[in-house]
Structure formats: C-alpha cells, structure tokens
Amino acid sequence: MVSDGAAGNELQALALAGVLSSAPPRVWQLQPGWPYAVLVPQFAPVLAPQQWRPPLIETPWPDIAIGAGRIGAAALLTLKRASSGRTRTVQILNPRIDPARFDLVIAPAHDRLFGANVISVEGSLHAIDAAWLARERLGSEQLRRLQGPRTVVLVGGHRRGVSIDRRSFVRLAHALENWRLREPGSLIVIGSRRTPSAWSRRLRRMFKNADVLWFGASDGENPYRGALAWGDRFIVTADSVNMQSEALATGKPVYSLCESVPTGKIGRFHRALVESGRLRPLSKDPATWSYPPLRELERITPLLRERLGLG
C-alpha cells in the first residue's frame, strides 16, 4: 500500500489490506518530488518511479496496490504504468480524476462519485468489529476500572462546512454537567493530531477534573483505542468523518458536536447518519438508542474479494 503518512488515510488503507491478505502489507510512505506535490493527480502527468521521495522502485511489483487520498491516487498510477498494468489498483477516497483509471475505487457516499468500478460506503473504512473491541477491552485495564457510564469526547479540528467555536465547548460543558448530575460516571476527553493548540488549552482548563485527558504524547499513551472499546456513549466533533465512523462502529450512542448543521459534503454525511438513526446532535439530556454498527469494511469485503478475483 502507498501512503502520504496522513493517519486518516493510512489507517483506512491498512484496514483494507488486512481483509484482502493475511500477509503483512508492504507500506510505502511517499511524497511527490518538487513541484508535483500540489499538482497530483489532476494537474500533473503520471510520475515516473524516480520522481517520488523516496523513489518508488520495487521488483517484482505487487499484485494489488492500495492508496488513499490524492497523493495515494497519483502513486497508484505510477505503479500501474511501471508494472505494465499487472498491478491492480484500489483507490480509497475520491481520486479527483476519472475513477476508470483504477481497478476499484472505494469512495464515501457523500462524495457522490459514480462509476462501474466505484463502491460507495457510508463514512470511512476501519478495522473495528466485535473481535477488535473485545481485544482492546482486554488491553485497557485503566479504562475498565472507571465508573460507568463512561462518556468519551473525541475532538478533531477545523474543517470547511463545520462550525465549532468557543460556544460549542461551553455548550459541551453544560451538557456534560447535566449528564453527570443525572448519571454519575466517568469522563474521557481525547484530542487528535488535528486539534488546534488553542482548543487543547481551553479543553484542559474546562475539563481538568476529567478521569482521562489526552492531547498528545506528553499525556502518556494514547487511550483512543481503549476508549472506543470501553466507552458507553460518545460525543464527537462534527468535523471528523473518521472518528465519527469509528465511534459508530461500537453500536453505542454517538452525539455530534457543532454550532449549526454542517454544510457541503460533510453535511450530506451527517444527514445520512441522522436519517439512519445512528447519529444525534448533542442534547442536554442523555439518551440511549440502538442501531446497526457502522462497519462498512465488513459489509463490502465479499464484494471486494470477488471483484479482485481473490475467492
């Protein structure tokens, strides 16, 4: 698989590789050489293997290559040409060019990408299923000991079409205070690589008494995986398709935090989740509801294996 190093892209590609082969995938972390980084794949020719950093040279070429995002798409085109078409290419996310240039494209439904070789999914791909959750529970003793219900707050960052500001965090604090008055439990607050430092500082002040507070390596080991496994309910900032998709894989209540209805592609994603009964906007009163967990990789794996001739 090929990756630009972006965590959200690489995790999706690794999850897909894991269901297509039992062997560990070969991972290339690549960037196009200057000046192509801002041009691929829409505004640049197919790059030669030597035009990547590090050079994309491998013999024999892989039977199947997986990429995600626009840089992943450009690298797949390089592999396809260098292997004289022998390498089958699977692109995750909209490649921003004709999807027919790849063997398969897996794109979020909110991208509205269509084609004979396009497979649409709700949200993002991930490896979370019942077995994954059971394994992570075994490895998260600290979170197991916390009092339930365990409320997990997952914080992303700025994104076009999503309004999150100081008012959002004040409203979050008020909601959590009301929840804990009704149902005493524990609070886990986790940031991401995309969380602005100003948000982290504000949230540290507001939730200094949280049972778990993590915004980076200085806070110790990232508790994210264990929080997904042990969380009883989730509040996720509306900007992050990946974190919302992963929280929704648990089958537990998931609330979305933002100041207004998201717009554009991210708005279509949210509307679909709300209409399916999975996602709800943050409310002052806690609620419990059930829904089919969002595990799209589990759903599409048989189709992928058939399309790729993997039996």
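Each value in this text was obtained by applying a stated rule to the coordinates, not by laboratory testing. Just so it is clear, the structure is predicted and the values come from calculations on it, not from any experiment. Note: ideal-geometry Cβ built from the backbone for every residue, glycine included; neighbour counts use all protein chains shown.
Enumerate the helices in the chain for which the Kyte-Doolittle hydropathy averages 0.5 or more and the C-alpha atoms extend at least 15 Å along the helix's axis, using complete DSSP H runs. It would help to have the intermediate numbers written out before the result.
Details: long enough: 7-20 (20 Å, 1.09); 69-82 (20 Å, 0.62); 166-182 (25 Å, -0.73); 264-275 (17 Å, -0.28); 296-307 (16 Å, -0.87).
Counting only whole DSSP H runs, the qualifying helices are 7-20, 69-82.
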* **Contour minus Cα-Cα distance for Glu141 and Thr59 (0.36 nm per residue)** => 25.1 nm
* To do: Provide, for the chain, the number of lysine pairs with alpha carbons under 27 Å apart, each pair being eight or more places apart or on different chains.
  => 4
* Asked: How far apart, in nm, are two points set 7 Å out from the Cα along the Cα-to-Cβ line at Ser21 and at Phe43?
  -> 3.5
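Determine the sum of side-chain charges near Ile235: Lys and Arg each +1, Asp and Glu each -1, restricted to other residues whose C-beta is under 11 angstrom from that of Ile235. Write out the running numbers ahead of the final one.
Working: positive: Arg171, Arg233, Arg280; negative: none.
Summing Lys/Arg as +1 and Asp/Glu as -1 gives +3.
Only helical DSSP H runs with n ≥ 4 go in: add -39500 (n - 2.57) per run for the chain, normalise by residue count and round the 222 nm mean residue ellipticity to 500 deg cm²/dmol. Intermediate values should be presented prior to the final figure.
Numbers: 10 runs with 107 residues, N = 311.
About -10500 deg cm²/dmol.
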* Structure fact -> With Gly220 itself left out, Lys, Arg at +1 and Asp, Glu at -1 over residues whose Cβ is under 15 Å from its Cβ give -2
* Under a Cβ-Cβ cut-off of 12 Å, what is the net charge of the residues other than Gly5 that fall near it, where Lys and Arg count +1 and Asp and Glu count -1? -> 0
* Asked: At Asp129 and Arg112, where each label point lies 7 Å from the Cα along Cα→Cβ, what is the point-to-point distance in nanometres?
  -> 3.3
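By per-residue mean of other Cβ atoms within 10 Å, what is the highest-first order of 71-84, 186-199, 21-34? Could you put the intermediate results ahead of the total?
On the way: 71-84: 22.4, 186-199: 18.3, 21-34: 13.8.
Going by the mean number of other Cβ atoms within 10 Å, highest first, we get 71-84, 186-199, 21-34.
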